[in-house]
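Peer 1: If you scroll down you'll find the structure; I have some questions about it.
The values are calculated or read from the model by the stated rules, or taken from the named source; none is laboratory data. Note that this is a predicted model, so its numbers are computed, not measured. Glycine gets a Cβ as well: all are built from the backbone with ideal geometry, and neighbour counts include every protein chain shown.
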Amino acid sequence: MKSFSIAAVFAATTLAALASAQTPSSADKDVFEKACTACHGLEPIAAMTGNKEEWTDVVEDMIAKGAEIGNADKDKIVAYLVATYPKKAEKKISARPAAIVNQRGK
């Protein structure tokens, strides 16, 4: 029974840590909204998804276009975007030659 309790506490602690690591902070959200809505609404951003590298490229592009974002805020904005608008998993399609498909159909 004691080992079950320890395992349960460990699992709960691990899950809580993972959830907090993936949930953006309200401070990061505030920085994101202040910086990004200075030039445009949130709709274009909400229509996008990306990983850390892709969101970093987007934020750096906005900085190049005149967005006033410091390095510390850039990191917070990218973290918020990655957590809030993550890249969707891509489906892998298995391509089979037509000859194989035709042979199986006979």
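Peer 1: Which pairs turn up if I take residues in region 23-46 that are free of Cβ contacts under 8 Å to residues at least 60 places away in the same chain and look for partners that are assigned to a helix (DSSP H, G or I) and exposed (fewer than 11 other Cβ atoms within 10 Å of the Cβ) with beta carbon separation below 8 Å, at least 6 apart in sequence or on another chain?
Peer 2: none
Peer 1: Could you list all residues from region 36-95 that are in a loop (DSSP other than H, G, I, E, B), surrounded by 13 or more Cβ atoms within 10 Å (Cβ to Cβ) and of a type outside the set (Val, Ile, Thr)?
Peer 2: Ala67, Tyr85, Lys87
Peer 1: Can you pull out the residues in region 61-77 that are among the hydrophobic types (A, V, I, L, M, F, W, C) and in contact with a helix residue (DSSP H, G or I) (Cβ under 6 Å, 6 or more places away or on another chain)?
Peer 2: If the condition is that a residue be among the hydrophobic types (A, V, I, L, M, F, W, C) and in contact with a helix residue (DSSP H, G or I) (Cβ under 6 Å, 6 or more places away or on another chain), then Ile69, Ile77 are the ones that fit.
Peer 1: All but one of (1) of a type in the set (Lys, Arg); (2) modelled with pLDDT of 95 or more; (3) under 19 Å from the mean Cα position of the chain (by Cα) hold for Lys88; which doesn't?
Peer 2: Failed condition: (2).
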